[in-house]
Amino acid sequence: MAVLSDREIKKALKEGRIVIEGLQEENIGPASVDLTLGNEFRVFKHCEVTHVDTCEGISEELTEVITVPEGKPFIIHPNEFVLAVTREYVKVPADLMARLDGRSSLGRLGIIVHSTAGSIDPGFEGRLTLEMTNIARVPVQLWPGMKICRLTFETLTSESEVPYNKRKDSKYLGQKGPEISRIEKELKKSSASG
């Protein structure tokens with residue numbers, strides 16, 4: 001696999017192979033694209049939950065989506081976990097995958113931008129849900145519109161046979177907001193077949 005350079009990213013964007021709706025050209029780096037923070041955050045009502053059963057999932061009612069008004073920050077407190085979303089809507093072609101990384105400047109403040117989901121499958125499209133945690137000892141203000149993460153694109157050895165947008169079990173295709181986990185769909189399917 002090879003990582004696309006800025007020249008190759010610009011060419012793929014111009015040809016429409018990669019689509020990043022809302023991308024500012026100045027956010028294209030030497031080998032990556034910076035994405036910005038949206039204004040929707042999903043917070044967990046932890047005082048109302050005794051636990052999460054991965055077979056049952058989590059009810060939408062046990063979370064709350066907060067929409068931050070223009071010009072206002074979202075404050076992430078120490079040890080808090082929230083789901084956020086990028087402003088940009090991304091479409092990855094079947095012959096590429098993308099890798100999401102947090103920004104060093106935020107990491108130095110104790111902000112982890114993604115807990116585990118660092119790769120975007122060939123054929124994925126949607127706004128990217130960010131699994132954010134503040135591991136610092138002080139609250140941090142996050143401003144919608146700020147650079148929050150970066151994507152690098154890697155070529156596959158061949159086009160994916162069944163890209164994400166063609167899979168029957170794609171749980172997050174076309175997502176527009178910070179989506180909760182859909183892990184229960186996997187577990188119910190495997191227990192039904194077993």
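Mind telling me which of the residues LEU23, LEU100, LEU83 ends up being closer than 20 Å to LYS176 by Cβ, in contact with a Ser or Thr (Cβ under 6 Å, 6 or more places away or on another chain) and surrounded by 15 or more Cβ atoms within 10 Å (Cβ to Cβ)? Before the answer, list the steps.
Values: LEU23 fails: in contact with a Ser or Thr (Cβ under 6 Å, 6 or more places away or on another chain); LEU100 fails: in contact with a Ser or Thr (Cβ under 6 Å, 6 or more places away or on another chain).
It is LEU83.
Could you count how many residues in region 2-33 are of a type in the set (A, V, I, L, M), in a loop (DSSP other than H, G, I, E, B) and modelled with pLDDT of 95 or more?
Here is the first cut: in region 2-33, the ones of a type in the set (A, V, I, L, M) are 2-4, 9, 12-13, 18-20, 23, 28, 31, 33.
Now narrow it down to the ones that are in a loop (DSSP other than H, G, I, E, B): 2, 4, 18, 23, 31.
From what is left, the residues that are modelled with pLDDT of 95 or more are 4, 18, 23, 31.
Qualifying residue count for the region: 4.
Does any residue of region 74-90 turn out to be of a type in the set (Lys, Arg) and touching a strand residue (DSSP E or B) at 6+ places or on another chain (Cβ under 6 Å)? First the steps, then the outcome.
Narrowing region 74-90 to residues of a type in the set (Lys, Arg): 87.
Filter again for touching a strand residue (DSSP E or B) at 6+ places or on another chain (Cβ under 6 Å), leaving 87.
Scanning region 74-90, I find at least one residue that is of a type in the set (Lys, Arg) and touching a strand residue (DSSP E or B) at 6+ places or on another chain (Cβ under 6 Å), so the answer is yes.
Residue under question is LEU62, and the condition is that it be buried (at least 17 other Cβ atoms within 10 Å of the Cβ), without any contact (Cβ under 8 Å) to a residue 60 or more places away in the chain and not charged (D, E, K, R); does it hold?
Details: buried (at least 17 other Cβ atoms within 10 Å of the Cβ): no; without any contact (Cβ under 8 Å) to a residue 60 or more places away in the chain: yes; not charged (D, E, K, R): yes.
Here the answer is no, as LEU62 does not meet what is asked.
Is it the case, given these coordinates, that LEU142 is buried (at least 17 other Cβ atoms within 10 Å of the Cβ), farther than 26 Å from SER160 by Cα, touching a strand residue (DSSP E or B) at 6+ places or on another chain (Cβ under 9 Å) and modelled with pLDDT of 95 or more? Explain how you work it out, then say what you get.
Details: buried (at least 17 other Cβ atoms within 10 Å of the Cβ): yes; farther than 26 Å from SER160 by Cα: yes; touching a strand residue (DSSP E or B) at 6+ places or on another chain (Cβ under 9 Å): yes; modelled with pLDDT of 95 or more: yes.
For LEU142, the condition - buried (at least 17 other Cβ atoms within 10 Å of the Cβ), farther than 26 Å from SER160 by Cα, touching a strand residue (DSSP E or B) at 6+ places or on another chain (Cβ under 9 Å) and modelled with pLDDT of 95 or more - is met.
Residue-wise test of (1) more than 17 Å from the chain's Cα centre (by Cα); (2) modelled with pLDDT under 95; (3) in a strand (DSSP E or B).
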site: VAL65; (1), (2), (3): no, yes, yes
site: GLU70; (1), (2), (3): yes, yes, no
site: ALA84; (1), (2), (3): no, no, yes
site: GLU88; (1), (2), (3): no, no, yes
site: ALA94; (1), (2), (3): yes, no, no
site: ALA98; (1), (2), (3): no, no, yes
site: VAL138; (1), (2), (3): yes, no, no
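Consider only pairs whose beta carbons are under 6 Å apart and that are at least six residues apart or on different chains; among these, list those whose first residue lies in region 161-178 and is assigned to a loop (DSSP other than H, G, I, E, B) and whose second residue is surrounded by fewer than 16 Cβ atoms within 10 Å (Cβ to Cβ).
The qualifying pairs are LYS171/ARG182; LYS171/LYS185.
For the list (1) touching a residue at least 40 places away in the same chain (Cβ under 8 Å); (2) crowded, with 17+ Cβ neighbours inside 10 Å; (3) not acidic (Asp, Glu), I need the number of the one condition that HIS77 fails.
Among (1) touching a residue at least 40 places away in the same chain (Cβ under 8 Å); (2) crowded, with 17+ Cβ neighbours inside 10 Å; (3) not acidic (Asp, Glu), HIS77 violates only (2).
Tell me yes or no: at least one residue of region 37-52 is of a type in the set (A, V, I, L, M) and part of a strand (DSSP E or B).
Going residue by residue through region 37-52, those that are of a type in the set (A, V, I, L, M) are 37, 43, 49, 52.
Those still in the list that are part of a strand (DSSP E or B) too: 37, 43.
Checking region 37-52: at least one residue is of a type in the set (A, V, I, L, M) and part of a strand (DSSP E or B).
Please pick out the residue among SER181, SER105, SER170, SER160 that is surrounded by fewer than 12 Cβ atoms within 10 Å (Cβ to Cβ) and of a type outside the set (D, E, K, R).
Numbers: SER181 fails: surrounded by fewer than 12 Cβ atoms within 10 Å (Cβ to Cβ); SER170 fails: surrounded by fewer than 12 Cβ atoms within 10 Å (Cβ to Cβ); SER160 fails: surrounded by fewer than 12 Cβ atoms within 10 Å (Cβ to Cβ).
Just a single option satisfies the conditions, and that option is SER105.
Tell me which residues, restricted to region 146-160, are among the aliphatic types (A, V, I, L, M) and either assigned to a strand (DSSP E or B) or modelled with pLDDT under 85 (or both).
Start the filter on region 146-160 by keeping residues that are among the aliphatic types (A, V, I, L, M), which leaves 146, 148, 151, 156.
Answer for region 146-160, where residues must be among the aliphatic types (A, V, I, L, M) and either assigned to a strand (DSSP E or B) or modelled with pLDDT under 85 (or both): ILE148, LEU151.
Every residue in region 45-72 that is under 20 Å from GLY177 (Cα atoms) and in contact with a helix residue (DSSP H, G or I) (Cβ under 7 Å, 6 or more places away or on another chain), please.
Residues satisfying the conditions are LYS45, GLY57, LEU62.
The values are calculated or read from the model by the stated rules, or taken from the named source; none is laboratory data. On a predicted model such as this, the values are computed, not experimentally measured, just so you know. A quick note on method: Cβ atoms are made from the backbone with ideal geometry, for glycine too, and the neighbour counts reach across all protein chains shown.
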